[in-house]
Each structure stands twice: as C-alpha cells, then as structure tokens.
Amino acid sequence: MSRVDHCVDTFVLVSGIVKNSAATIPISVVSGHMEADGIERDNLESQQRKDDPADEWFPESVAADYDLPGGANAPDVIEPVVELLSGLAGNGPVLEFAVGTGRIAAPLAARGVEVKGIELSRAMAPRVVEKPGGNAVDVAIGDMTTTRVAGEFSLVYLVFNTISNLTTQDEQVAAFCNASAHLRPGGFFLIEDGLPDLRRLPPGQNTVPFSVLPGREGGGYVGFDQYDVVTQRFTSNHVSVSADGSGSFRRIPFRFAWPAEMDLMARIAGMKLKHRWSGWDRSELTEESTSHVSVWVKSGSTLR
Ligand SMILES: C[S@@+](CC[C@H](N)C(=O)[O-])C[C@H]1O[C@@H](n2cnc3c(N)ncnc32)[C@H](O)[C@@H]1O
C-alpha cells in the first residue's frame, strides 16, 4: 500500500537506516546491500530499553534517527510540500496534526507562516526546536483526535500517511471532526496519504511484499504488508536478520481508507472536497496513483 509503495518510493537507505512513514528500521547498507552491524544493534537495543510506551510507534529509538538526511528529509522533497501548504495558508495561522520532529512545520514557519502543532510522542516533539524556524512552532503534546489548541486556523494539515496510524474508522472520523473544529469558515484541511495496494493482492492472499534486500555478508531485510480487507486494517512488517542469524521483527498497525471514504468523513465534519491530486506536484489522481493529497474546505453544513 501506501506503506508498500511508500516504502518503494521513499524507502530511504541512509546511513544504515531503512525509513518509512511509520518507523525507522536500523540496518547497515553498503552499496545497496545490507550488512549486519553488531555495534548498531547494541546501540539500538540500549535505546529501545529507554523507550516510553506512551510514545507508541515513535519512541526515542525511532525519534533519534528520524531526522537523518536524505529521503523524506531531503530539501527537494520538503520544498514542494512547504510551497503548497504556504499557498493554502493565506495569512494563517496553520496547525499541523502529528507534527513529529517538525520536518514540515519548521521550514513552513521559517517562511513566516504562524505554525502550531499537536504531537503524541514526547520523544519526537522536542526535536522541532532544533530546526531552523522550529523555535517559532508551538507544539501541544496530545492526541490529534481529541486535543484542542487555542485559535482559529486557515489550514490544518496531516501529512506523511499519518491518518493511517489511526487504526479505527471512529478515530479517523474524530481526526476530521477535530480538524474542522480548529478551522475558520472557508479554512482548509489537507491530508497526504498512500493508497492501499489492493490491486497487487493475488486472489486468496493477504500479503504484499515491498522489499527484499539480501545482506552482503549474510542475513538481510524483508518488508511486507498484510491486509485485512474486511476491517481495512493492515500491518507493515519489517524483518531484519543479521549475518550471525540474530534479528528483529517489527509489526506496525495501520488502517487504510479510500479517498471516497475520507470525503464522507469530511462531510460528517462539515467540510467538502476542494482539491485532489496524486502528489505535491498537483498531478492528476489516476488508477495508477500510489498516493493522494486531498484538500477539503470547511463549509459549515454537516451530514449529521
Ligand atoms: C510519520 S510521522 C510524521 C511526522 C511529521 N508530520 C512528518 O511529516 O515528518 C507520524 C507522527 O504521528 C504521530 N502520531 C501518531 N498518532 C498520533 C495521534 N493520535 N495524535 C498525535 N500524533 C500522533 C507520531 O508520534 C509521529 O510523530
């Protein structure tokens, strides 16, 4: 899915890290091959011991590597995002749900846009201020489905597939409602999300592999998604095996929602579709698209 294609498109092999929207998986990569690295593994294990379960999927051991250069942190990836958001922001202020380490919020603030954020992870949030522009970003620790921050916003945005981190329809609807509650009339809610990879599911199977990387000295990495098309839940699975045979298995839960379902969530929350693209370049969404960027406008009337 998004996580799969996302992984294929933006899987970043940087400084020994495989990174996707939901997690950062430590491995060593040399010229496209993985190598077992006992020292890195020891570091990771000691970091993981410090992880606070309240930070859920983005504890210290993930946050520590989230801002490594390249991939989703590359300037040519961030620039079009900030460009489009600042165009929608008008005079602001704007609010980012799940602001993370400020990958997008900080450069947006550096352009002079007033930015606030909501973030669940106490490991991710403090890193916002480390970036240029980040000092100006006010971050509230909390859940984006329920946390309210003061103010009325011209734009609320939720990027990098993070709506899928909410694993029930109720939670996703709550995020739409909370976004709408923060918007002034005529304000925008923007979501960037991957599209589920269901077209790659053969009949009778529920698993779509997205990466197999053999290590040069043995071991390797295998990534695959497992779909439950009834509940729309899926997991991204990351198996890393070192040359000595030791390894790790990370399994991260998500829920996919088609754009049409999101349109209904938006209507429930008093918004209607304004724009839909397949990416930040505003290209058309087609049946081959692997992601979408959708913008709803707060209209005031609701379905309820
Ligand atoms: C993939 S990261 C995206 C961070 C940032 N928006 C970016 O684009 O780099 C997902 C973030 O969502 C946060 N998150 C997940 N569920 C959340 C929730 N219910 N409320 C607030 N933040 C949440 C995680 O802690 C993590 O920082």
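The values are calculated or read from the model by the stated rules, or taken from the named source; none is laboratory data. Fair warning: this is a prediction, and the values are worked out from it, not measured in the lab. For neighbour counting, all protein chains shown are included, and Cβ atoms are generated from backbone atoms with ideal geometry for every residue, glycine included.
Yes or no: Ala98 near the ligand (Cβ under 10 Å from one of its atoms) and either in contact with a Leu (Cβ under 8 Å, 6 or more places away or on another chain) or without any contact (Cβ under 8 Å) to a residue 12 or more places away in the chain (or both)? In short, yes. Residues in the range 115-140 that are assigned to a loop (DSSP other than H, G, I, E, B) and either modelled with pLDDT under 95 or within 12 Å of the ligand (Cβ to nearest atom) (or both): 7 in all. For the range 146-165, a residue qualifies if it is within 9 Å of the ligand (Cβ to nearest atom) and free of Cβ contacts under 8 Å to residues at least 40 places away in the same chain, and the qualifying residues are Thr146, Thr147.
Every condition in (1) over 26 Å from His182 (Cβ atoms); (2) in the same structural domain as Pro80 (by the TED database) is met by Asp228 except one, and the failing one is (2). Any residue in the range 68-84 that's within 15 Å of Ala106 (Cβ to Cβ): show its pairings with residues that are more than 10 Å from the ligand (Cβ to nearest atom) at Cβ separation under 7 Å, as long as the two are six or more apart or on different chains. Listed by first residue and then by second, the contacts come to Pro69/Val14; Ala72/Thr10; Ala72/Val12; Ile78/Pro107; Val81/Trp280; Val82/Pro107; Val82/Leu108; Val82/Arg111.
Taking the criterion of being closer than 15 Å to Trp296 by Cβ and surrounded by fewer than 23 Cβ atoms within 10 Å (Cβ to Cβ), the only residue of the range 153-171 that qualifies is Ser154. Here Glu261 clears all of (1) in contact with a strand residue (DSSP E or B) (Cβ under 7 Å, 6 or more places away or on another chain); (2) surrounded by fewer than 17 Cβ atoms within 10 Å (Cβ to Cβ); (3) within 17 Å of Thr290 (Cα to Cα) except the condition numbered (1).
The number of residues in the range 236-247 being free of Cβ contacts under 8 Å to residues at least 40 places away in the same chain and either on the phi > 0 side of the Ramachandran plot or surrounded by fewer than 18 Cβ atoms within 10 Å (Cβ to Cβ) (or both) comes to 3.
Checking each residue in the range 94-114 for being part of a loop (DSSP other than H, G, I, E, B) and buried (at least 19 other Cβ atoms within 10 Å of the Cβ) picks out Ala98, Val99, Gly100, Thr101, Gly102, Arg103, Ile104, Val113.
Please verify whether the range 184-191 includes one or more residues that are touching a residue at least 24 places away in the same chain (Cβ under 8 Å), surrounded by 22 or more Cβ atoms within 10 Å (Cβ to Cβ) and away from the ligand (no atom under 16 Å from the Cβ). Yes. What about Ile268, is it within 21 Å of the chain's Cα centre (by Cα) and β-branched (Val, Ile, Thr)? When the stated conditions are applied, Ile268 does not pass them. Note on the range 65-85: residues that are more than 13 Å from the ligand (Cβ to nearest atom) and surrounded by fewer than 18 Cβ atoms within 10 Å (Cβ to Cβ) amount to 7.
Per the listing Asp197, Asp143, the residue uniquely charged (D, E, K, R), more than 16 Å from the ligand (Cβ to nearest atom) and surrounded by 16 or more Cβ atoms within 10 Å (Cβ to Cβ) is Asp197.
Name the residue that is nearest to Asp138 (Cα to Cα), counting only residues in the range 57-114 that are at pLDDT below 95 and polar (S, T, N, Q). The extreme case among them is Asn91.
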